[in-house]
Amino acid sequence: MNIHILAIESSCDDTSASVFKNEVVLSNSIANQNVHREYGGVVPELASRAHQQNIVPVVHKALKDAGVNADDIDAVAFTRGPGLMGSLLVGTSFAKGFALANNIPLIDVNHLHAHVLAHFIKEPDQETAHPEFPFLCLLVSGGNSQIVLVKDYMHMQVVGQTIDDAAGEAFDKCAKVMGLPYPGGPLVDKLAKEGKPNAFEFARPRVKDYDYSFSGLKTSFLYFLRDRLKENPNFIEENKNDLCASLQSTIVDILLDKLEKAADDLNISQIALAGGVSANSGLRDGLQKMAVRKKWITFIPKFAYTTDNAAMVAITGYYKFLAKDFVEQDAAPYSRVVF
Ligand code: KG4
């Protein structure tokens, strides 16, 4: 039997809708919000307003691209959290209305859970490799940095996580200090390619077990620049590539160090990356090198499925549909992490 799922993602600043036929993606439509650029970060109220403008056209496009009508959809899945409350409310309310109008089940999806299950998205007429259970997933985005032990589609355990900022936040905030536009992560990555990773040293955290901390690095970066700028007002301009390369290599080392420790202790050799920061070339290269040394099998999803997208919500919705894990119309979004 073929199951068609419509999924909605609106947790932060991208409005996305996707249609799946079983595990296969038929469409994945996304409206990005450029309105936040001039503010150097996502402005929650502007994000909610833009979701409100975008949601109907984005869903319409997803259905059209998939060649599917609203009455072909068997269930609607939506991101319930974590995320920005105003943004989540738009997607949640839309999904409820769609479910009610079409008399179909409603499926709530945890955004982080969806990032992990993005590894199971299948493309039409293509074989895609996916990790075998149990595997470890390093989930690194603008809002989260976690090591997740994935036992099966529905059972995941966070074995380590950041106690303060996320890795993406560290990239973005340090980039902002250097005067780079938001989001700075991709630009740091680009400039780092021309720089020396050992040019400068920044603070490395000491936190327990498999947890992360990035706020000390951010402060260390800020104070380092403040001191150097006193001596040379052009310091950033003259050293931008080296600064980016050193910053990136510090973040990557911190991430991989704990991942290696977790994989060793839990005796797991299937390792996956997820979240927006998995686009980082330093992280990808570092992981590949570590994989050769440790004999790991690694998985990195297609770029379109690493940043916020509804396809990952749809695949999660599909597995929840099979488990008949539905929610009622009174399901309210949650802004904080509940894994
Ligand atoms: O997963 P995502 O799209 O959104 C969240 O749910 O947070 O991740 C966005 C984050 C931003 O912090 C962005 O700077 C970072 O991912 N990012 C990168 C790269 N591409 C995106 N960071 C470093 N290098 C990249 N190439």
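I'm checking a number: the convex hull volume of the Cα atoms of the range 16-58, normalised per residue, in Å³. What is it? Could the numbers behind the result be given before it?
Details: hull volume 3.6 nm³, N = 43.
Given the Cα convex hull of the range 16-58, per-residue volume reads 84 Å³.
Exposure proxy check: Arg228, Arg336, Arg204 ranked by fewest other beta carbons within 10 Å? Walk me through the intermediate numbers first.
Working: Arg228 16, Arg336 8, Arg204 13.
In order of increasing Cβ crowding within 10 Å: Arg336, Arg204, Arg228.
Taking the chain, how much of its Cα-Cα pair set, in percent, is spaced more than 27 angstrom apart?
Details: 26087 of 57291 pairs.
Cα-Cα pairs of the chain separated by over 27 Å account for 46 percent.
Restrict the search to the range 195-241; then list the GluC sites (Glu not before Pro) that DSSP places in a loop and that have at most 12 other Cβ atoms within 10 Å of their Cβ. Write out the running numbers ahead of the final one.
Numbers: sites: Glu201, Glu231, Glu237, Glu238; in loops: Glu201.
Sites meeting the loop and neighbour criteria: Glu201.
Does the range 1-141 come out rounded, prolate or oblate by the C-alpha gyration tensor, with a ≥ b ≥ c the root eigenvalues, rounded set by a/c under 1.5 and, if not, prolate when a/b is larger than b/c and oblate if not?
The shape class here is oblate.
Over what distance in Å are the Cα centres of the range 265-323 and the range 151-217 separated?
17 Å
What's the Cα-based Rg to Rh of the range 180-262, Rh via Kirkwood?
Details: Rg = 13.5 Å, Rh = 13.5 Å.
With Rh from the inverse mean 1/r over Cα pairs, Rg/Rh is 1.00.
Using the count of nearby Cβ atoms within 10 Å as a rough guide to exposure, how do Ile3, Ile8 rank from fewest to most? Walk me through the intermediate numbers first.
Numbers: Ile3 15, Ile8 29.
With the sparsest Cβ surroundings first, the list reads Ile3, Ile8.
Please report the Cα spread of the range 135-300 along all three principal axes, rounded to whole Å, starting with the longest.
The Cα atoms of the range 135-300 stretch 53, 28, 25 Å along their principal axes.
Based on the alpha carbons, how large is the Rg to Rh ratio for the range 295-336 when Rh follows Kirkwood?
Details: Rg = 14.5 Å, Rh = 13.1 Å.
Ratio of gyration radius to Kirkwood radius for the range 295-336: 1.11.
Read the figures in this text as sums done on the coordinates, not as results from a lab. Only a predicted model underlies this, so the values are computations on that prediction, with no experimental measurement involved. Because the Cβ atoms are built from the backbone with ideal geometry, glycine has one as well, and the counts that use them run over all protein chains shown.
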